[in-house]
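In what follows, a single structure is set out as structure tokens and then discussed.
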């Protein structure tokens with residue numbers, strides 16, 4: 001009976017999605033209304049000619065999202081700020097320059113069996129808040145910084161928000177524009193060779209989303225300095241062992257699928273090239289590796305993404321590294337910077353309102369609050385997204401059902417054919 005119930009839930013979930021986004025896309029009027037609501041949510045304004053081009057791209061992205069969700073039971077995809085962008089515009093949100101670098105060979109180092117089954121540095125308040133690199137290919141500086149911050153916290157006891165902008169301005173000064181891409185390890189080498197192991201705080205050297213003139217803010221590496229970096233062997237086991245000791249700078253290949261990621265455990269099978277984006281691994285469980293991205297907290301799970309264990313994850317374990325830290329003899333006595341508030345499954349774009357009863361549920365996997373507002377979509381959202389759109393009454397167990405629905409034997413309002 002239990003197996004039958006699980007299978008029934010999967011069947012219903014698949015059918016539910018068929019009735020939401022795909023139903024919307026079958027109607028030109030509903031698709032246009034959805035696009036207008038999306039633009040309002042993202043604060044987008046285009047000229048008439050530009051708008052037609054963006055609308056075509058939005059429909060293409062929405063179809064991809066619908067197709068992906070229809071065949072997925074571990075991850076949710078959604079339209080987001082990437083959904084109206086061209087391929088060239090999307091590429092600006094990456095920035096890893098892999099030229100001259102090669103995948104790390106396995107080192108089969110000692111200590112692989114000593115790693116605990118799970119370690120999420122977010123639970124230790126050892127990960128700073130997610131930022132947005134914007135349309136500057138500076139992911140390499142964000143990956144390097146996030147790979148440093150947790151380790152400095154482990155060593156010094158203080159969480160520090162370091163300056164991505166110093167690396168962006170200074171690492172390739174006079175040779176290249178940092179927004180055109182870079183390599184995380186070059187950041188650690190810069191700090192060691194050019195800054196005596198130091199690095200500015202972000203508050204004294206804020207991020208500008210453009211490569212500027214190199215300067216120095218207030219040094220935030222007080223108790224420890226950067227003395228180099230360590231490459232992690234190119235296996236999942238070696239990455240997990242290193243991650244148990246602190247965050248890592250890691251790289252993977254971004255695809256159309258991963259850019260539309262919303263929540264859940266990602267297992268991308270569409271990558272076919274080399275890693276092009278740097279992020280930081282900040283924890284793991286037996287099921288997934290947790291990574292902190294630099295696309296803002298409206299993307300993914302509040303700016304984080306969970307990658308499936310025992311999967312290549314588009315090169316995630318091949319180019320990992322972390323900075324080497326050496327004590328300065330000074331204590332860091334300043335107040336800590338703010339930590340990220342992350343819970344696995346969180347998604348800032350979703351709003352699950354409408355009552356806390358377990359009988360008040362969404363039947364679809366793609367429900368987002370911003371889709372609830374247009375009258376032309378109301379009947380679809382009433383049927384499949386009762387909890388997110390607030391259509392439940394008294395927790396879904398009593399009261400009148402929305403127009404066109406009846407109360408089923410389990411207390412949930414649905415269209416009659418779904419009871």
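Here the calculated FRET efficiency for residue 29 and residue 49, from their Cβ-Cβ distance with R0 = 25 Å, stands at 0.70, rounded to the nearest 0.05. Within region 228-255, list the residues whose amide N lies under 20 Å from a label point set 7 Å along Cα→Cβ of residue 125. Answer for region 228-255: 246-247. Label-to-label distance for residue 194 and residue 209 is 2.4 nm, based on points extended 7 Å past Cα in the beta-carbon direction. Taking the alpha-carbon centroid of each part, what is the distance from region 319-348 to region 293-312 in angstrom? With region 319-348 and region 293-312 each reduced to a Cα centre, they are spaced 18 Å.
In this rough spin-label picture, where each label sits 7 Å from Cα along the Cβ direction, the residue 310-residue 60 distance is 3.7 nm.
Sorting 114, 156, 141 by the number of Cβ atoms found within 10 Å of their own Cβ, with the fewest placed first, yields 114, 156, 141. Along its three principal directions, the equivalent ellipsoid of region 89-327 from the Cα gyration tensor extends over semi-axes of 25, 21, 17 Å, largest first.
For residue 105 and residue 335, a Förster radius of 60 Å and the Cβ-Cβ distance give a FRET efficiency of 0.90, rounded to the nearest 0.05. For the listed peptides 118-124, 270-276, a ranking on the average number of other beta carbons within 10 Å per residue, highest first, reads 118-124, 270-276.
Read-outs throughout are calculated quantities, based only on the coordinates presented, and are distinct from any laboratory measurement. Being a predicted model, the structure only gives us computed values, none of them experimental. FYI the Cβ positions are ideal-geometry reconstructions off the backbone, even for glycines, and counts take in every protein chain you see.
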